[in-house]
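**Q** Submitted below is the structure of interest, expressed as structure tokens.
The values are calculated or read from the model by the stated rules, or taken from the named source; none is laboratory data. Please read these numbers as outputs of a predicted model, since none were measured by experiment. Methodologically, a virtual Cβ is constructed for each residue, glycine included, from the backbone with ideal geometry; neighbour enumeration extends over all protein chains shown. Side chains included, ligands, DNA and RNA excluded: accessible areas come from the protein's heavy atoms. Shrake-Rupley method; radii C 1.70, N 1.55, O 1.52, S 1.80 Å.
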Amino acid sequence: MGTRRISTLTKPELGHFNKAGVTPGKKLVELRLDDVSGYVVGQEILADVLEKGEMIDATAVSKARASPDR
């Protein structure tokens, strides 16, 4: 996800991106799928692959900023 300068990567991280043949990103994620035949490494996966009402697990980082009305 995103883009990142090559100079900020460690050698193992750079190796992962080079092996996959994709440009370095800010985050490297792994997705567990039942069937991977419809996907290729480095393919962009958009939200349109989800069906209406389908449940997913998601994680995020909170910035813990104060609300403007305080």
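**Q** Do the conditions hold for VAL61, that is, is it at pLDDT 80 or above and surrounded by 10 or more Cβ atoms within 10 Å (Cβ to Cβ)? Break it down into steps so the answer makes sense when it comes.
**A** Numbers: at pLDDT 80 or above: yes; surrounded by 10 or more Cβ atoms within 10 Å (Cβ to Cβ): no.
Considered against the rule, which asks whether it is at pLDDT 80 or above and surrounded by 10 or more Cβ atoms within 10 Å (Cβ to Cβ), VAL61 comes out as no.
**Q** Would you confirm, using the coordinates I've provided, whether ILE45 is surrounded by 10 or more Cβ atoms within 10 Å (Cβ to Cβ) and either touching a helix residue (DSSP H, G or I) at 6+ places or on another chain (Cβ under 9 Å) or of a type in the set (Val, Ile, Thr) (or both)?
**A** Working: surrounded by 10 or more Cβ atoms within 10 Å (Cβ to Cβ): yes; either touching a helix residue (DSSP H, G or I) at 6+ places or on another chain (Cβ under 9 Å) or of a type in the set (Val, Ile, Thr) (or both): yes.
Yes: the conditions hold for ILE45.
**Q** Go through (1) over 12 Å from the mean Cα position of the chain (by Cα); (2) touching a residue at least 12 places away in the same chain (Cβ under 8 Å); (3) in a loop (DSSP other than H, G, I, E, B) for GLY2 and report which single condition fails.
**A** Looking at each condition in turn, GLY2 falls short on (1).
One line per residue, one yes/no per condition, for (1) free of Cβ contacts under 8 Å to residues at least 24 places away in the same chain; (2) open to solvent by 100 Å² or more (accessible area, probe 1.4 Å); (3) outside any helix (DSSP H, G or I):
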residue: LEU14; (1), (2), (3): yes, no, no
residue: ASN18; (1), (2), (3): yes, yes, no
residue: LEU31; (1), (2), (3): yes, yes, yes
residue: ASP34; (1), (2), (3): yes, yes, yes
residue: VAL41; (1), (2), (3): yes, yes, yes
residue: MET55; (1), (2), (3): yes, yes, yes
residue: ARG65; (1), (2), (3): yes, yes, yes
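**Q** Let me ask another. Does GLY25 count as part of a loop (DSSP other than H, G, I, E, B), touching a residue at least 24 places away in the same chain (Cβ under 8 Å) and either among the β-branched types (Val, Ile, Thr) or surrounded by 10 or more Cβ atoms within 10 Å (Cβ to Cβ) (or both)? Steps first, please.
**A** Values: part of a loop (DSSP other than H, G, I, E, B): yes; touching a residue at least 24 places away in the same chain (Cβ under 8 Å): yes; either among the β-branched types (Val, Ile, Thr) or surrounded by 10 or more Cβ atoms within 10 Å (Cβ to Cβ) (or both): yes.
Taking the combined requirement at face value, the residue satisfies it.
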